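The values are calculated or read from the model by the stated rules, or taken from the named source; none is laboratory data. Predicted model only: the values in this text are computed from it and were never measured. Here the Cβ is made from the backbone with ideal geometry for all residues, glycine too, and neighbour counts use every protein chain on show. What goes into the accessible areas is simple: the full protein's heavy atoms, side chains included, and nothing from ligands, DNA or RNA. Shrake-Rupley method; radii C 1.70, N 1.55, O 1.52, S 1.80 Å.
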Amino acid sequence: MDWIKESVMYNIYPLGFAGAPRENDFNLEYRLDKIYDWIDNFKKLNVNTIVFNPVFESTRHGYDTIDYYKIDSRLGDNNSFKEICRTLHDNGIRIILDGVFNHVGRDFFAFKDVQQNRENSQYCSWFMNLNFGGNNHYNDGFCYEGWAGHIDLVKLNLDNSQVVDHLIGAAKFWIEEFGIDGLRLDAADCINLEFFKKLRNTCFELKPDFWLYGEIIGGDYNRWANENALHSVTNYECYKGIYSSHNDHNYFEIAHSLNRQFGDGGIYRNIYTFNFVDNHDVNRIASMLKEKAHLKNVYTVLYTMPGVPCIYYGSEWAIEGTRTKFSDYELRPCLDIDSIPNPNTEVYNHLCRLGKIRRALPALKFGSYRNINIKNEQLVFMRACEGQTVYVALNLASNDFTIDFNVDGGSVLTDMLTGESFEADGYARIPLTPCSSRILVLNDGSFKAELEDEKIIPVENNINEDIILSENNNTAESAEPAETELTPITAAPGRYRHFKGNEYEVIAIAKDSETLEDVVIYQALYGGREIWVRNRKNFEEIIERDGKKIRRFEKID
């Protein structure tokens with residue numbers, strides 16, 4: 001599924017994010033509509049996929065489902081959520097919902113029927129270990145299995161065909177009516193694999209690129225992520241390794257996990273893992289780190305390791321939050337985009353840059369992994385695919401450090417974070433400032449780290465790359481020598497080749513509404529076929545590269 005490999009994800013716990021009351025009063029409030037105010041933030045971060053934790057009607061926290069076919073009334077209704085989905089899709093953002101299919105709340109209709117009709121209920125077989133010879137602390141006059149011992153979360157019997165039909169019917173409903181693009185499977189380690197197989201087959205028939213990933217805390221990920229079950233799982237091993245390797249000043253820990261999972265012979269090379277550094281169940285990363293100066297390095301690892309990176313809402317500003325013995329609510333605050341508490345703009349800007357870089361560099365999305373140089377406080381690893389090699393260098397020490405390592409081919413390493421270039425003729429010595437990182441593209445000297453954004457015109461029904469780092473982030477082809485008398489081109493509809501090698505089609509010549517200057521609207525003929533806009537004079541101009549004059553764009557038909 002190529003769209004997953006092109007993704008930067010953002011995880012929202014809707015009931016907390018929207019400021020919903022902790023107990024459902026069933027009064028209809030369109031609280032989730034506040035997400036419209038956040039779309040610009042998603043674009044700045046280069047986010048193109050949103051993961052919503054539970055949105056189905058529930059009694060309290062979302063994981064105690066009442067109705068799988070209805071939006072929680074504290075968030076809105078089905079029509080309002082349908083409009084949210086349409087708007088996100090129109091802005092190039094895919095949607096993943098949280099499928100809580102292991103258990104339900106005590107207000108779920110089938111369980112209420114068991115309470116009322118006891119042994120005569122048609123739904124007795126829907127629940128695990130239901131026993132009318134026992135009792136529970138609610139004094140129901142019967143006992144049953146709750147998830148992980150939590151009696152408020154009634155475990156479903158997924159060997160019951162009626163239960164399976166009800167749940168898979170819900171998945172079909174959200175795909176057909178709302179166009180969702182994937183599901184997170186809560187408590188996936190408690191669900192039988194036969195259910196996942198049926199779910200995957202159904203989703204595939206409706207949407208062949210539908211993505212399923214499971215919440216897995218430990219064990220062999222291959223058990224749940226394979227061609228007969230889910231596509232992916234939560235990477236809790238690397239979640240722990242990332243923060244603890246920084247806290248312990250021991251990069252050997254995360255380097256070992258990454259090599260074990262994704263290096264030569266790695267056990268999870270076939271899984272595109274869901275990677276994160278915090279979520280609605282664990283302490284915020286800014287609260288977990290002993291030294292806040294390590295936050296940027298933490299995110300550099302997250303965005304450059306194999307798998308898809310995901311930000312937990314609010315953590316882009318390094319907000320803090322820890323769980324208590326009795327509550328997770330501090331992890332799930334109500335946030336308004338115009339009043340983030342104590343925002344760390346340095347971390348935010350770093351994440352904006354990382355989003356551009358990850359979506360621009362094929363090696364970070366598709367490449368292999370190899371450790372290059374490991375020290376307690378420094379780490380270099382390599383990501384490589386056909387046509388591109390990237391070295392990631394990190395320093396968590398509080399002093400400057402120069403890291404050296406062998407380089408495969410090329411003559412220059414260009415840092416995508418700063419634009420600096422360093423000689424690398426088979427060997428590199430790279431300076432690192434305290435608590436810093438570099439993302440170094442190996443090239444022949446012609447590669448340019450273009451760090452400025454260009455305006456992009458949204459395209460209806462197109463999952464576009466809303467902010468692209470540069471027009472071509474692969475090693476550029478050498479431009480043809482300039483003629484003695486080089487005349488400018490005249491922009492008009494047709495196909496053009498940029499001097500770096502990529503091809504585009506000019507769609508129209510338009511006027512800027514503010515300046516009335518002519519602008520060129522053109523579409524990439526590669527990758528995600530992004531739509532670009534550029535001042536006409538700039539599009540047509542002759543530029544100088546390496547002492548030669550060349551046209552920025554050449555007409556090719």
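A 1.4 Å probe, protein heavy atoms only, puts the accessible area of Ile531 near 10 Å². Where both residues lie in the chain, what percent of DSSP beta bridges are antiparallel, nearest 5? In the chain, DSSP labels about 75 percent of beta bridges as antiparallel.
Working note: Karplus 6.51/-1.76/1.60 with θ = phi - 60° gives segment 102-108 the couplings 8, 8, 10, x, 5, 8, 4 Hz, where Gly and Pro are set to x.
Report relative contact order for the chain in percent, whole number only (criteria: Cα-Cα under 8 Å, sequence separation at least 6).
Working: 1207 pairs, mean separation 59.5, N = 557.
Reported as a whole number, the value is 11 percent.
In order along segment 421-428, phi translates into HN-Hα couplings of 10, 9, 5, 8, 8, x, 7, 10 Hz, rounded to whole numbers, per the Karplus curve 6.51 cos²θ - 1.76 cosθ + 1.60 with θ = phi - 60° and x for Gly and Pro.
For His246, His256, write out the residues from largest to smallest accessible area, computed with a 1.4 angstrom probe and no ligands counted.
Numbers: His246 0, His256 120 Å².
The ranking, largest first, comes out as His256, His246.
Working with all protein chains in place, sort Trp532, Trp147 by solvent-accessible area computed with a 1.4 Å probe, largest first.
Values: Trp532 0, Trp147 80 Å².
Descending accessible area places them as Trp147, Trp532.
Checking (i) 25.8, 96; (ii) 27.9, 85; (iii) 40.9, 137 against the coordinates, the calculated Rg and Dmax of the Cα atoms in Å falls under label (i).
With a ≥ b ≥ c the root eigenvalues of the C-alpha gyration tensor of segment 1-53, is it rounded (a/c under 1.5), prolate (a/b larger than b/c) or oblate?
Numbers: a/c = 3.37, a/b = 2.11, b/c = 1.59.
Prolate shape, in that a/c is at least 1.5 and a/b is the bigger ratio.
Share of carbon and sulfur in the accessible area of the chain stands at 45%, probe radius 1.4 Å.
Taking 27 Å as the cut-off for C-alpha to C-alpha distance, list the pairs among Lys197/Lys240; Lys44/Lys448; Lys34/Lys356 that go past it. Display every interim value, and only then the final one.
Values: Lys197/Lys240 29 Å; Lys44/Lys448 22 Å; Lys34/Lys356 25 Å.
Beyond 27 Å: Lys197/Lys240.
Solvent-accessible area per residue in the chain equals 41 Å², computed with a 1.4 angstrom probe and all protein chains kept.
With both residues required to sit in segment 50-162, DSSP beta bridges show an antiparallel share near 75%.
Between segment 366-414 and segment 199-278, what is the separation of their alpha carbon centroids in Å? Centre-to-centre (Cα) distance: 22 Å.
Working ranking of peptides 8-15, 394-401 by packing, defined as the average number of other Cβ atoms within 10 Å per residue, highest first, is 8-15, 394-401.
Run the dipole for the chain about the Cα centre, Lys and Arg Cβ at +1, Asp and Glu Cβ at -1, nothing else charged, and hand back the magnitude in debye, nearest 20. Present the calculation step by step, with values, prior to reporting the outcome.
On the way: 59 positive and 84 negative charges, 130 e Å.
It comes to approximately 620 debye.
What shape does segment 318-393 take by its C-alpha gyration tensor, where a ≥ b ≥ c are the square roots of the eigenvalues and a/c under 1.5 counts as rounded, a/b above b/c as prolate, and the rest as oblate? Since a/c reaches 1.5 and a/b is larger than b/c, the shape of segment 318-393 is classed as prolate.
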